[in-house]
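Q: Handing you this structure, nothing more for now.
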Amino acid sequence: MEKLLKNELFRSFILSIVIFAVLMVGTATSVINSYWQGVLILCGINIILAVSLNLAAGYLGQLTLGHAGFMSVGAYTSALISIYLNLPFIVSLLIGAIAAGVIGLIIGIPVLRLKGDYLCIITLAFNEIIRVVMNNLEITNGAKGLIGIPLNTNLVYVFIAMIITIFVVYSIVKSRHGRAIISIREDETASELSGIDVGYYKVFAFAVSAIFAGLAGGLYAHYYTVILPKGFDFNKSVEILVMVVLGGMGNLKGSIIAAIVLTIIPELLISFSQYRMLLYAIVLIAAMILKGTGKGKQIMERLPFFKKKDEVKPE
């Protein structure tokens, strides 16, 4: 088991190096122009968001609608540090991610005692509270938006952050802690009776998920250089959740591919600007129907990124 895991990690490491080399050659030779570099940066940020949410929603089984709230905490924290303290970019990103993790920890301890619809409602309320706070603070410039953020995010930083996120989440999922998290999703009562500290693992997964959402927020802020509270509203949380659901709950490969597809599709439809969101919605609905019923379900299940969620495996 451990040998197979090491082999898979080694293959993934080699693949990531190859992809990184191709991207660097493509940008250096202008095969990938500045526009598509921007699209790839957004793809990387969305992959971080989808993979991190999958840890809480897919593997832990706690459906939350507050991921954009953690993203906004990381975005505003790192942006304010860069503007007022002029700290190095990496330091501001780390502080933003830690701030989001602390908020996730504080929120997670009381909130994760709830289940189902109640958990969705509370996390949605948290998302709106964060948005309203950012909308009314003087230091964030309120609804006018925070401006003057240094343009530090590039393809290299995003790619490295994306690889770290995938590696950490994958390592957690394949570890003893990951099996405990998956067992909670399958049967919380049985897990508790088996001696698993359900409360600890719920908060742990929630906090790790929040940390990487904050990291994505910091990259997002330093890419756009201007951030608005309305950019982190309920719709953003739903957008991230759609990536997780479409890719498969508890499936990292699915989350990665779904994040890429759902980021690129709107860009490909940009020439149909008047109907872009309508076409995007139709594509989403068709994909969900195809994935969930009849022959479409059989076709999708044959694809590696739409396989059924991971089973709990004994050590």
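Q: Within the set of pairs 6+ apart or on separate chains, which have a first residue in region 129-156 that is free of Cβ contacts under 8 Å to residues at least 60 places away in the same chain, a second that is assigned to a helix (DSSP H, G or I) and surrounded by 14 or more Cβ atoms within 10 Å (Cβ to Cβ), and C-beta atoms under 7 Å apart?
A: Here the result reads N136/G142; I139/L80, each pair linking region 129-156 to a residue that is assigned to a helix (DSSP H, G or I) and surrounded by 14 or more Cβ atoms within 10 Å (Cβ to Cβ).
Q: Now for a separate question. Could you check, for region 277-289, whether at least one of its residues is hydroxyl-bearing (S, T, Y) and either modelled with pLDDT of 85 or more or over 23 Å from the mean Cα position of the chain (by Cα) (or both)?
A: There is no residue in region 277-289 that is hydroxyl-bearing (S, T, Y) and either modelled with pLDDT of 85 or more or over 23 Å from the mean Cα position of the chain (by Cα) (or both).
Q: Oh, and also: Given the criterion within 14 Å of the chain's Cα centre (by Cα), open to solvent by 10 Å² or more (accessible area, probe 1.4 Å) and in contact (Cβ under 8 Å) with a residue 40 or more places away in the chain, identify the matching residue among L40, L65.
A: Exactly one of L40, L65 is within 14 Å of the chain's Cα centre (by Cα), open to solvent by 10 Å² or more (accessible area, probe 1.4 Å) and in contact (Cβ under 8 Å) with a residue 40 or more places away in the chain, namely L65.
Q: Could you tell me whether region 185-192 includes any residue that is over 30 Å from I260 (Cβ atoms), of a type in the set (S, T, Y), touching a helix residue (DSSP H, G or I) at 6+ places or on another chain (Cβ under 7 Å) and assigned to a helix (DSSP H, G or I)?
A: yes
Q: Identify, from the list S12, S78, the residue that is in a helix (DSSP H, G or I), small (G, A, S), over 19 Å from A205 (Cα atoms) and in contact with a Ser or Thr (Cβ under 9 Å, 6 or more places away or on another chain).
A: It is S78.
Q: While we're on this one: So which pairs qualify, if the first residue must be in region 174-196 and polar (S, T, N, Q) and modelled with pLDDT of 90 or more, the second must be outside any helix (DSSP H, G or I) and open to solvent by 60 Å² or more (accessible area, probe 1.4 Å), the Cβ gap must be under 9 Å, and the two must be at least 6 apart or on different chains?
A: As it stands, the answer is S183/S194; S183/V312, since those pairs meet every condition given.
The values are calculated or read from the model by the stated rules, or taken from the named source; none is laboratory data. Every value quoted in this text rests on a predicted model; they were computed, and no experiment measured them. Glycine also receives a Cβ, built like all others from the backbone with ideal geometry; neighbour counts cover every protein chain displayed. Accessible surface is based on the protein model in full, side chains and every heavy atom, while ligands, DNA and RNA are left aside. Shrake-Rupley method; radii C 1.70, N 1.55, O 1.52, S 1.80 Å.
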